[in-house]
């Protein structure tokens, strides 16, 4: 891990432990083992560090999505992939994505930071809403819209169908964040949720 990567890693740890507002550039530099002027050679301020963390987190997600043979952020591409996917494969994909969000260290620490800061910092509250509500629902809504057009799902209300799919998954994620011992229980519920969703909205309804 080079110095730039160490700065992001240590900053994210501090943000997740103390909250973004309570961490200063000097704190990050000290955690890395360098002086603040040396840190400024890599990032001009704390906001630049935060923005770089976001970029790394997105890159990690894209790498994981690629390993699962989906785009993850392109509904047009993924709709074609889901079209030929058996329910068992869909369940496994759902579990793999859930486990990524639950256990990827970068993503986990970032989510903890936003959870801490969402009620104290309006800008970070906006990031929280984008990361865990607006962006997922937008992507899922576009994806389901295309799948409905293909005849694989049926509904007359895509936004509500999208919420029906996403809300339980996010709830299960927050349960595991707060009580890791319930992971197995939540994975079982996740599988049941995906299968029931497919039954309720599937082509045979």
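What do you reckon, is residue 183 at pLDDT below 95 and part of a helix (DSSP H, G or I)?
Working: at pLDDT below 95: no; part of a helix (DSSP H, G or I): yes.
Considered against the rule, which asks whether it is at pLDDT below 95 and part of a helix (DSSP H, G or I), residue 183 comes out as no.
Applying the selection to the range 147-164, what residues are at pLDDT below 95 and either touching a strand residue (DSSP E or B) at 6+ places or on another chain (Cβ under 6 Å) or in a helix (DSSP H, G or I) (or both)?
147, 148, 149
Residues of the range 55-85 being in contact (Cβ under 8 Å) with a residue 24 or more places away in the chain, surrounded by fewer than 13 Cβ atoms within 10 Å (Cβ to Cβ) and under 21 Å from the mean Cα position of the chain (by Cα), which ones?
Hit for the range 55-85 is 76, nothing else.
Matching residues to (1) under 24 Å from residue 76 (Cα atoms); (2) surrounded by fewer than 16 Cβ atoms within 10 Å (Cβ to Cβ); (3) in contact (Cβ under 8 Å) with a residue 40 or more places away in the chain:
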| residue | (1), (2), (3) |
| --- | --- |
| 122 | no, yes, no |
| 155 | yes, no, yes |
| 173 | no, no, yes |
| 180 | no, yes, no |
| 192 | no, yes, no |
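Report yes if residue 104 is farther than 24 Å from residue 12 by Cβ and either assigned by TED's automatic domain parsing to the domain that holds residue 153 or over 15 Å from the mean Cα position of the chain (by Cα) (or both), otherwise no. Give the derivation first.
On the way: farther than 24 Å from residue 12 by Cβ: no; either assigned by TED's automatic domain parsing to the domain that holds residue 153 or over 15 Å from the mean Cα position of the chain (by Cα) (or both): yes.
No, not satisfied.
Surrounded by fewer than 18 Cβ atoms within 10 Å (Cβ to Cβ) and farther than 28 Å from residue 182 by Cβ - does that describe any residue in the range 89-100?
No.
The values are calculated or read from the model by the stated rules, or taken from the named source; none is laboratory data. These numbers come from a predicted model, not from an experiment. Every residue, glycine among them, receives a Cβ derived from its backbone with ideal geometry; neighbour counts consider all protein chains shown.
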